[in-house]
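Visitor: Structure incoming, see below.
The values are calculated or read from the model by the stated rules, or taken from the named source; none is laboratory data. As the structure is a computational prediction, the values presented were derived from the model and not from experiment. Neighbour counts are summed over all protein chains in view; Cβ atoms, including those assigned to glycine, are modelled from backbone coordinates with ideal geometry. Accessible surface is based on the protein model in full, side chains and every heavy atom, while ligands, DNA and RNA are left aside. Shrake-Rupley method; radii C 1.70, N 1.55, O 1.52, S 1.80 Å.
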Amino acid sequence: MLTIMAAATLTLSTLVPADGPTVQTAPDYVRVEVVTVNGSGCPAGTAAVATAEDRTTFTVTYSQFLAQAGGSSEPTDFRKNCQLALQLSYPQGFTVGITQADYRGFAHLLAGASGMEQGNYYFAGTSPTARKPHHFHGPLSDNWQVTDTTQWDAIVYPPCGERRIFNVNTELRVQAGSSRGTSFMVMDSTDSNVSTRYHFSWKRC
């Protein structure tokens, strides 16, 4: 069994002042810690997170997140999901929202097979973002990447001074269809290009 490693890769920080234009800056630190992990796509010990130095995104990396169908796969293998509850820590005087999620993985879909990725995220006490399914069709054997974005005026920020749990839900599905043999989709840390990246939007209180 592989042990999950989480690597955070960050881009330019975006700080949105309450009553002013966007400023390229970020707080002195931000930490993201896993509180709970649930789901068939991330058994205990196979999902974790980390932040990187410029504090504008964090990346989740998985080691056993694989959905497959056809061939010798089990009937329940066609759908895998992962639910993470994360604690974000950062200095007083800031609050944070999420502007974008980039999902990456690898797909091996035979002719006649299909796959799907979807996810959403939210802070405790707020409404989840809409699930946006992304569909793939065989024949396909390559890396894949999809992005979900939130409009600036729709970004949800926790009230200043509160630290709310950030919930992340991700799902993979594979349908064998008319194909012969095994098809699969994976988000697995054995490939350094495979990860999910969430982009911060910082706001001063």
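Visitor: Taking VAL174 and the conditions (1) assigned to a strand (DSSP E or B); (2) of a type outside the set (Asp, Glu); (3) at pLDDT 95 or above; (4) open to solvent by 30 Å² or more (accessible area, probe 1.4 Å), which numbered condition does it fall short on, given that it satisfies the others?
Guide: (4)
Visitor: If you don't mind, there's one more thing I want to ask. Being within 22 Å of VAL96 (Cα to Cα) and among the charged types (D, E, K, R) is the filter here; which residues of region 115-161 pass it?
Guide: Of everything in region 115-161, those that are within 22 Å of VAL96 (Cα to Cα) and among the charged types (D, E, K, R) turn out to be ARG131, ASP148, ASP153.
Visitor: Determine the pairs where a residue that is of a type in the set (Phe, Trp, Tyr), located within region 105-119, has a partner that is surrounded by fewer than 21 Cβ atoms within 10 Å (Cβ to Cβ) with Cβ atoms under 6 Å apart, the partner being 6 or more residues away or on another chain.
Guide: From residues that are of a type in the set (Phe, Trp, Tyr), the pairs are PHE106/ASN143.
Visitor: Regarding region 162-171, can at least one residue be identified that is surrounded by fewer than 18 Cβ atoms within 10 Å (Cβ to Cβ) and not in a loop (DSSP other than H, G, I, E, B)?
Guide: No, region 162-171 contains no residue that is surrounded by fewer than 18 Cβ atoms within 10 Å (Cβ to Cβ) and not in a loop (DSSP other than H, G, I, E, B).
Visitor: Could you check region 74-90 and list, in sequence order, the residues that are open to solvent by 30 Å² or more (accessible area, probe 1.4 Å) and not in a strand (DSSP E or B)?
Guide: GLU74, PRO75, THR76, PHE78
Visitor: If GLN68 meets every condition in (1) free of Cβ contacts under 8 Å to residues at least 24 places away in the same chain; (2) within 20 Å of the chain's Cα centre (by Cα); (3) closer than 14 Å to GLN175 by Cα apart from one, which number is that one?
Guide: (1)
Visitor: With respect to ALA101, is the statement that it is free of Cβ contacts under 8 Å to residues at least 60 places away in the same chain, of a type in the set (A, V, I, L, M) and either over 25 Å from PRO75 (Cα atoms) or out of contact with any His (no Cβ under 9 Å at 6 or more places or on another chain) (or both) true?
Guide: no
Visitor: Tell me which residues, restricted to region 1-53, are modelled with pLDDT of 85 or more, surrounded by 15 or more Cβ atoms within 10 Å (Cβ to Cβ) and under 19 Å from GLN92 (Cα atoms).
Guide: Across region 1-53, the qualifying residues are ALA26, PRO27, VAL30, VAL32, THR51.
Visitor: To continue, here is another question. Of all residues in region 140-156 being open to solvent by 50 Å² or more (accessible area, probe 1.4 Å) and part of a loop (DSSP other than H, G, I, E, B), which is farthest from LEU109 (Cα to Cα)?
Guide: VAL156
Visitor: Counting only residues that are open to solvent by 20 Å² or more (accessible area, probe 1.4 Å), modelled with pLDDT of 95 or more and in a loop (DSSP other than H, G, I, E, B), how many does region 91-121 have?
Guide: 3
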